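What follows is a short report on a single structure.
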Amino acid sequence: MNAIASVTLEVADLPAADRFYTASGLGAHVRLRASDAPATGFRGFTLSLTVSQPADVRLLVDAALAAGATELKPVAKSFWGVGGVFRAPDGTLWKVATSAKKDTGPATGRIDRFVLLLGAADVAESRKFYVEHGFTVGKSFGRKYVEFTAGDSPIKLALYGRRALAKDAGVPVDGEGSHRIVLGGEGTGAPFTDPDGFAWEAAAVASTAH
């Protein structure tokens with residue numbers, strides 16, 4: 001079974017990004033690599049953190065905002081739970097959410113799930129591509145959403161329609177240039193690029209990132 005071993009964000013200002021991810025507490029989830037590849041607008045992906053209660057949503061979002069992130073969707077209740085979205089100074093979009101409506105104790109900052117959502121032009125076509133590359137489907141909702149099993153990896157991979165993903169993040173769908181993200185593959189063999197232009201490399205190569 002193939003899975004994500006690491007997520008490397010390509011950033012224009014490596015020292016500044018390192019300071020943000022250290023101060024926000026998000027640095028444990030991503031690697032950083034310097035890049036001057038041009039990128040504008042929506043980069044086609046979001047990083048999603050699921051936590052156990054609203055207090056943890058607020059804790060993580062407040063820490064990111066204090067470290068320099070920009071609020072896109074304030075932490076708020078909805079019919080499905082509580083969540084908020086922010087943009088890191090490097091441009092990466094993060095969502096923090098919980099299905100719980102009420103707190104059951106003090107915030108712990110613990111992350112229950114870390115999901116990388118890739119915006120796909122054609123979810124069914126991208127799903128077929130990943131299955132052919134050894135990924136195993138865990139959940140599937142037709143052409144709308146696909147989630148792959150993660151095995152021992154702490155990171156889950158999911159596919160969502162690009163337009164729907166941008167709407168969920170609260171940003172315009174338009175964007176072009178580099179995705180500014182490289183995925184380290186566990187058992188993926190040779191490097192490859194998926195139908196939407198997301199690049200994968202061997203986990204050993206990804207581990208050399210800052």
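Rule-based calculations on the coordinates, nothing more; no lab input. Treat the numbers as computed from the prediction; the structure is a model and nothing was measured. Note that each Cβ is placed from the backbone with ideal geometry, even for glycine, and that neighbours are counted across all protein chains shown.
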(request) Among DSSP beta bridges lying fully in the chain, give the percent that are antiparallel, nearest 5. (result) 65 percent
(message) Quick check: pseudo-label points 7 Å beyond the Cα along Cα→Cβ at Phe192 and Ala124, how many nm apart are they?
(response) 2.1 nm
(message) As an exercise, use a Förster radius of 25 Å and the Cβ-Cβ distance of Ala76 and His133 to find the FRET efficiency, rounded to the nearest 0.05.
(response) 0.10
(request) Would you mind giving the average projected area, over all directions, of the Cα convex hull of the chain in nm² with one decimal? (result) 10.9 nm²
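Within the chain, what's the longest run with no chymotrypsin sites (Phe, Trp or Tyr not before Pro) in a DSSP loop and at most 11 other beta-carbon atoms within 10 Å? Give the range, please.
On the way: sites that count: Phe79, Trp80.
Between the exposed loop sites, the longest stretch runs 81-210.
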(message) Exposed loop sites here are trypsin sites (Lys or Arg not before Pro) in DSSP loop states with at most 11 other C-beta atoms within 10 Å. What is the longest stretch of the chain lacking them?
(response) 1-101
(message) At 222 nm, what value in deg cm²/dmol follows for the chain if DSSP H runs of at least 4 each add -39500 (n - 2.57) and the sum is divided by all its residues, to the nearest 500?
(response) -6000 deg cm²/dmol
(message) Using Cα-Cα distances under 8 Å and only pairs 6 or more residues apart, what relative contact order does region 1-137 have, in percent?
(response) 28 percent
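What full-extension length gain, to one decimal in nm, is calculated for Leu65 and Arg143 as 0.36 nm per residue of separation minus the Cα-Cα distance? Mind showing how you got there, number by number?
Numbers: separation 78, 0.36 × 78 = 28.08 nm, distance 3.42 nm.
Here the segment from Leu65 to Arg143 would lengthen by 24.7 nm.
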